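The values are calculated or read from the model by the stated rules, or taken from the named source; none is laboratory data. Source: prediction; values computed, not measured. All Cβ positions, glycine included, derive from the backbone under ideal geometry; neighbour counts span all protein chains shown. For accessibility, only protein heavy atoms count, side chains too; no ligands or nucleic acids. Shrake-Rupley method; radii C 1.70, N 1.55, O 1.52, S 1.80 Å.
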Amino acid sequence: MRDRLLAAARPLFVAHGFAGTSTPAIVAAAGVTRGALYHHFEDKAALLRAILEREAQAIAVAIEEVDQPEMTPVQRLLAGAEAYLAAMSVEGRADLLLVQGPAVLGSEEVRRIEAGHGEASLRAGLEEAVAAGALPDLPIEALASILSAMFERAALDVEAGAKAVDLLATLRAVLVGLFHSHPRGQVGRRIP
């Protein structure tokens with residue numbers, strides 16, 4: 001029943017927004033009673049939080065699927081960036097995670113949700129790149145925060161109609177430039 005509620009609420013939140021989606025509409029779409037909704041979720045915000053958890057988990061899985069043991073840290077970060085943008089292109093996902101989630105639950109709560117999923121993968125990749133000498137020894141949390149903001153903006157732009165191929169090329173250029181800027185990095189060498 002919990003899964004039915006999540007499956008029914010997601011498209012309603014995407015189509016009408018959190019404020020524009022009533023709990024009676026959710027229970028009607030799920031084919032359950034209002035009591036069933038409140039048995040599984042404290043309130044509508046808790047339902048949104050559960051949806052955001054699923055969305056963040058789906059992004060983490062997409063990133064993990066492209067990771068290969070033979071990849072260099074640079075290749076992992078580039079593949080992860082591409083997988084992130086592709087995963088965020090799922091209809092409504094960017095709006096749910098980057099607009100509605102922070103508006104309803106607050107930015108800090110959404111960051112906590114993301115920290116356990118896709119952002120954890122980014123931090124691990126950056127730590128690996130620093131340990132391998134491919135990146136300058138910058139504060140990982142600060143670097144992850146700045147790169148996350150860049151990725152999130154790209155996802156919002158794709159949702160708004162920008163060409164994903166252009167944004168991917170730009171993300172790739174920024175990441176490659178970051179690696180090339182490090183004196184111990186791979187300056188002068190082509191990064192695939």
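Here are the numbers for this structure:
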{"quantity": "Of all residues in region 126-138 being modelled with pLDDT under 85 and not hydrophobic (A, V, I, L, M, F, W, C), the one that is farthest from Glu152 (Cα to Cα)", "calculated": "Gly133"}
{"quantity": "Residues located in region 39-59, provided they are under 17 Å from Arg123 (Cβ atoms) and surrounded by fewer than 20 Cβ atoms within 10 Å (Cβ to Cβ)", "calculated": "Gln57"}
{"quantity": "Hey, Gly35 open to solvent by less than 60 Å² (accessible area, probe 1.4 Å), more than 26 Å from Met88 (Cα to Cα) and not charged (D, E, K, R) or not", "calculated": "yes"}
{"quantity": "Subset of region 6-25 (residues that are in contact (Cβ under 8 Å) with a residue 40 or more places away in the chain, of a type outside the set (Gly, Ala, Ser) and surrounded by fewer than 16 Cβ atoms within 10 Å (Cβ to Cβ))", "calculated": "Pro11"}
{"quantity": "Given (1) surrounded by 14 or more Cβ atoms within 10 Å (Cβ to Cβ); (2) over 27 Å from Leu168 (Cα atoms); (3) at pLDDT 95 or above, number of the condition Ala28 does not satisfy", "calculated": "(1)"}
{"quantity": "From Gly92, Gly101, Gly106, Gly80, residue being within 13 Å of the chain's Cα centre (by Cα), of a type outside the set (Asp, Glu) and at positive phi", "calculated": "Gly92"}
{"quantity": "Helices (runs of 4 or more DSSP H) completely within region 82-144 that count 2 or more residues being among the β-branched types (Val, Ile, Thr)", "calculated": "107-115"}
{"quantity": "Any pair with Cβ under 8 angstrom, 6 or more apart, that starts in region 95-124 at a residue that is modelled with pLDDT under 95 and polar (S, T, N, Q) and ends at one that is assigned to a helix (DSSP H, G or I) and open to solvent by 40 Å² or more (accessible area, probe 1.4 Å)", "calculated": "Ser121/Glu64"}
{"quantity": "Any chance Thr72 is surrounded by 20 or more Cβ atoms within 10 Å (Cβ to Cβ) and of a type in the set (S, T, N, Q)", "calculated": "no"}
{"quantity": "Within region 1-49, helices (runs of 4 or more DSSP H) holding 3 or more residues that are under 27 Å from the mean Cα position of the chain (by Cα)", "calculated": "2-16, 23-30"}
{"quantity": "Subset of region 132-149 (residues that are surrounded by fewer than 16 Cβ atoms within 10 Å (Cβ to Cβ) and either of a type in the set (D, E, K, R) or in contact with a helix residue (DSSP H, G or I) (Cβ under 8 Å, 6 or more places away or on another chain) (or both))", "calculated": "Ala132, Pro136, Asp137, Leu138, Glu141"}
{"quantity": "Some residue of region 90-104 being touching a Lys or Arg at 6+ places or on another chain (Cβ under 6 Å) and open to solvent by less than 20 Å² (accessible area, probe 1.4 Å)", "calculated": "no"}
